[in-house]
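Here the structure is laid out as structure tokens; the discussion comes afterwards.
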Amino acid sequence: MADVSLEIRKVIFEKYNNPDIRFTNDEIFEILQQNNSIDKSLVIDDVEKYFTDLCDAGLMRNIAQNFTTQYFKLFDDVEKIKCNSCNVESPIGKSEPRVCPACRASI
Ligand SMILES: [Zn+2]
């Protein structure tokens with residue numbers, strides 16, 4: 001089972017890597033489904049907690065909500081950083097704490 005938070009980070013890195021643009025949970029969920037990045041049984045409600053986690057991590061913030069659609073913006077550009085502890089390469093915001101999203105090691 002894929003790490004949903006990491007899959008969301010990858011989509012943001014590839015499609016929305018710009019602090020000036022906004023994106024929604026619906027857009028990202030649709031891309032995750034198209035890419036087969038997440039389990040097919042997951043619905044939008046199941047992934048809501050991962051968006052909350054990414055806000056708590058300091059990657060992005062929730063700027064608006066319209067029913068179940070949530071709008072987000074990045075705090076800063078996102079760059080890919082490879083963790084020396086677990087060898088996973090993760091997209092991390094430039095102003096985000098330098099902690100590996102996969103193994104929690106400092107990077
Ligand atoms: Zn790591």
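The values are calculated or read from the model by the stated rules, or taken from the named source; none is laboratory data. Since this is a predicted model, take the numbers as computed values, not measurements. Reconstructed Cβ throughout: ideal geometry from the backbone, glycine too, with neighbour counts over all protein chains shown. In case anyone asks, the SASA skips ligands and DNA or RNA and just uses the protein heavy atoms, side chains included. Shrake-Rupley method; radii C 1.70, N 1.55, O 1.52, S 1.80 Å.
Identify unpaired cysteines across the chain, taking unpaired to mean no other cysteine Cβ lies under 4.7 Å from the residue's Cβ.
Cys with no partner Cβ under 4.7 Å: Cys55.
For the range 21-107, which chymotrypsin sites (Phe, Trp or Tyr not before Pro) are in a loop by DSSP, counting at most 15 other Cβ atoms within 10 Å?
Sparse-neighbourhood loop chymotrypsin sites (Phe, Trp or Tyr not before Pro): Phe67, Phe75.
Just in the range 49-107: which trypsin sites (Lys or Arg not before Pro) are loop by DSSP and have at most 15 other Cβ atoms within 10 Å?
Loop-located and lightly packed - Lys94, Arg98, Arg104.
Which residue fluctuates the most in the chain, going by a Gaussian network model with Cα springs under 10 Å, if the choices are Leu42, Leu74, Leu59?
The residue with the greatest mean-square fluctuation here is Leu42.
About its Cα centre, how strong a charge dipole does the range 29-107 have in debye, to the nearest 20, once Lys and Arg get +1 and Asp and Glu get -1 at the Cβ?
260
Given a 10 angstrom Cα cut-off, can you work out which residue in Asp45, Asp53, Asp26 is the most mobile in a GNM of the chain?
Highest fluctuation among the options: Asp45.
Count the lysine pairs in the chain that are 8 or more places apart or on different chains: how many have C-alpha atoms under 26 angstrom apart?
For the chain, the number of qualifying lysine pairs is 21.
Accessible area per residue of the chain at 1.4 Å probe, in Å²?
Ligands and nucleic acids excluded, the figure is 57 Å² per residue.
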